[in-house]
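All remarks here apply to the structure that follows.
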């Protein structure tokens with residue numbers, strides 16, 4: 001495997017060389033060059049095949065046939081190699097390779113050492129070009145420097161996330177997955193258990209901004225907001241005085257109703273303007289509507305979600321039955337409290353006593369590019385501050401162009417599976433300094449489960465075939481033909497049962 005596949009040609013630089021070859025290597029393949037007393041590792045980024053005799057100046061197909069009869073398939077291959085660094089320490093050399101330098105296939109044993117991470121490694125898969133080489137990523141750098149998993153639908157995001165989660169559970173890691181489509185709730189991880197958490201919030205734990213968002217009070221409704229804030233604080237004071245058994249929302253509603261009665265009295269002693277009655281009534285109606293619409297996520301019996309997070313398990317908040325608006329409230333509430341709890345633990349020893357890795361499915365919904373959400377605020381804050389408090393972030397998206405560019409740029413590690421849309425590709429490239437034009441060009445040709453892996457968690461950018469997760473994940477596409485067949489069989493069985501039941505009663509079907 002270490003034979004010469006080509007030689008450097010033309011002008012070279014310390015970071016890039018061109019080569020010509022009679023053999024056909026593969027894009028993404030690692031090569032080595034020896035010059036100036038050092039051995040240097042590189043990766044083939046682009047390839048073209050051509051013929052000296054059959055060039056662009058020939059316009060007659062018969063002429064081409066005659067040339068082929070004489071020369072056969074005498075083609076050449078040209079390519080470009082990105083220099084990754086000296087094999088010993090991966091430092092970029094200060095001198096370029098001399099023209100004519102041999103380009104060899106890299107030794108697999110050297111690659112195995114480069115992609116092995118001592119003590120804190122997580123195996124993602126194997127090199128696409130050299131399958132005998134396993135690829136590990138650095139868990140510490142993945143968690144503290146954040147991660148983005150990006151791909152079009154069906155390219156293998158759910159499998160990739162499951163492989164990562166299983167690897168983290170292997171080292172007793174604590175993962176919190178915001179499961180937007182209930183993909184992971186029934187997953188069986190080989191390395192640890194699953195702790196499904198209901199998306200329920202005790203209204204008492206909601207901040208004023210969160211409960212205001214749920215009640216749908218507009219930002220410019222200043223009178224409504226003033227009365228709602230006053231009622232909210234009054235309810236808090238009542239509960240702090242030890243009024244156990246009181247319903248927090250009932251207390252707010254009772255206060256609003258008392259103000260409506262005062263406004264109707266319209267006496268000189270009232271503290272409420274009669275003109276404000278409509279605004280207070282609107283707040284009361286919206287609060288009651290909030291109860292009806294979001295009763296499934298508001299529970300006075302619910303504990304703080306943060307208290308339910310367990311170490312060494314895949315903690316999954318099942319958001320499959322919750323709409324996007326309520327999901328934003330739940331996610332932002334949890335993100336805020338996770339960060340707050342980790343800060344408290346490091347300062348006083350109270351709170352979440354272990355590092356935590358947050359995985360946000362459908363991140364483009366929670367942190368959209370052109371719209372403000374509460375989750376977007378806390379995602380950005382954790383992306384900036386999380387490293388100091390051992391709170392890691394993983395953004396998973398099938399629509400990178402819709403994902404907030406600031407949040408995406410904070411992810412110093414990326415696993416990019418197949419992406420076809422140029423707008424998606426350009427958006428990702430702008431967020432990553434390590435993603436070259438040649439690597440971008442590979443994205444549409446990746447097969448399912450193949451990915452470009454880059455960032456601080458890996459010593460060099462690489463093309464990886466992600467391992468197949470052994471447990472069941474419900475994130476794949478349904479077999480439509482099979483589903484239709486099942487439905488038809490069920491309908492036929494139902495009709496037969498109805499007929500049998502009717503005939504047993506002595507009727508004519």
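Looking at the square roots a ≥ b ≥ c of the eigenvalues of the Cα gyration tensor of segment 124-253, which shape do they give, rounded for a/c under 1.5, prolate if a/b is larger than b/c, or oblate? Spell out each step's value before the answer.
On the way: a/c = 3.39, a/b = 2.52, b/c = 1.35.
The shape class here is prolate.
Classify segment 350-509 from the C-alpha gyration tensor, please: rounded if a/c falls under 1.5, else prolate or oblate depending on whether a/b exceeds b/c.
Prolate, since a/c reaches 1.5 and a/b exceeds b/c.
For segment 4-106, calculate the relative contact order in percent as a whole number, restricting contacts to Cα pairs under 8 Å that are 6 or more residues apart. Walk me through the numbers on the way to the answer.
On the way: 220 pairs, mean separation 46.9, N = 103.
Across segment 4-106, relative contact order equals 46 percent.
For the chain, what is the mean residue ellipticity at 222 nm derived from helices alone (per DSSP H run of n ≥ 4: -39500 (n - 2.57); sum divided by total residues; nearest 500 deg cm²/dmol)? Walk me through the numbers on the way to the answer.
On the way: 15 runs with 185 residues, N = 509.
Using -39500 (n - 2.57) per qualifying helix, the result is -11500 deg cm²/dmol.
With just the Cα atoms defining each centre, how far is segment 48-95 from segment 125-190? Give it in Å.
38 Å
Mind checking the log10 I(q)/I(0) for the chain at q = 0.09, 0.10, 0.11, 0.12 Å⁻¹? Debye, one equal scatterer per Cα, no solvent, two decimals.
Scattering profile of the chain, log10 relative to I(0): -0.79, -0.89, -1.00, -1.10.
Could you check what % of the DSSP bridge pairs in the chain are antiparallel, to the nearest 5?
65 percent
Applying a 10 Å radius around every beta-carbon, put 346-359, 89-102 in order of their mean neighbour count, most first.
Highest to lowest by the protection proxy: 346-359, 89-102.
Quote the relative contact order of the chain in percent (integer), defining contacts as alpha-carbon pairs under 8 Å separated by 6+ residues.
19 percent
Could you give the length gained on full extension between residue 51 and residue 281, defined as 0.36 nm per residue of separation minus the Cα-Cα distance, in nm?
Here the answer is 74.7 nm.
Read the figures in this text as sums done on the coordinates, not as results from a lab. Just so it is clear, the model here is predicted, and its values are computed rather than measured. So basically every Cβ, Gly included, is an ideal-geometry build from the backbone, and we count neighbours across all protein chains shown.
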